[in-house]
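The values are calculated or read from the model by the stated rules, or taken from the named source; none is laboratory data. Bear in mind the structure is a predicted one, so any value in this text is a computation, not a measurement. Quick reminder, even Gly has a Cβ in these numbers, built from the backbone with ideal geometry, and neighbours come from all protein chains shown.
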Amino acid sequence: MRVWKYGDDVNTDMLFPGKYTYTASTPEEILPHLLEDLDPEFAGGVREGDVILAGKNFGCGSSREQPVVGLKAAGVLAVVAKSFARIFYRAAINQGLLLIACPEAVDAWREGDAIEIDAAGGRIRVGDAAFRFPPLPRELLEIREAGGLLPFTRRRLRKERNPGGAR
């Protein structure tokens, strides 16, 4: 796992440049442009299971979903920040991207520290230090596990239509 650390007010244009809004909509089209103006190495270096650490107001700006779709498609395990823009937080729920607000964990991290996240238990370990955050509600964990709000809803509707059948 690799950790990518950024500061305060990382907006959606920094995560995915607005100039591609109408030309890139699929994960394959979005991935090469992730964070290209903020961190040109990110798109080529991010791997499944990586974690982003950030300061306050992560994801501020527009309501475009490409930044979240791209981070999810890149395999980002979680974004741990001091705080999130509300509209970005909602988009992340819709796509099943794990966001954790834990300022103490962000401040504690130093280059080389390992990070372990227990979303259901509300715990994050950074190096030798452990921090708590409000455990995520069961419904949010289920949405994440399903891969986002649409797959979660489809699964739930299938289950309601066929209570004894397969998922």
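Taking the numbered list (1) loosely packed, with under 13 Cβ neighbours inside 10 Å; (2) within 19 Å of ILE52 (Cα to Cα) in turn, ARG132 passes all entries but (1).
For the stretch 3-40, enumerate the residues that are within 19 Å of PHE58 (Cα to Cα) and of a type in the set (D, E, K, R). Passing the criteria: LYS5, ASP8, ASP9, ASP13, GLU36, ASP37, ASP39. Considering only residues that are touching a helix residue (DSSP H, G or I) at 6+ places or on another chain (Cβ under 9 Å) and under 13 Å from PRO67 (Cα atoms), which ones fall in the stretch 1-10? Hits for the stretch 1-10: nothing passes. Number of residues in the stretch 30-61 that are β-branched (Val, Ile, Thr) and either part of a loop (DSSP other than H, G, I, E, B) or surrounded by fewer than 16 Cβ atoms within 10 Å (Cβ to Cβ) (or both) equals 1.
Could you tell me whether the stretch 15-30 includes any residue that is in the same structural domain as ASP118 (by TED's automatic domain parsing), out of contact with any Pro (no Cβ under 8 Å at 6 or more places or on another chain) and closer than 23 Å to ALA108 by Cα? Checking the stretch 15-30: not a single residue is in the same structural domain as ASP118 (by TED's automatic domain parsing), out of contact with any Pro (no Cβ under 8 Å at 6 or more places or on another chain) and closer than 23 Å to ALA108 by Cα. Scanning the stretch 137-149 for residues that are surrounded by 12 or more Cβ atoms within 10 Å (Cβ to Cβ) and either of a type in the set (Ser, Thr, Tyr) or free of Cβ contacts under 8 Å to residues at least 24 places away in the same chain (or both) returns LEU141, GLU142.
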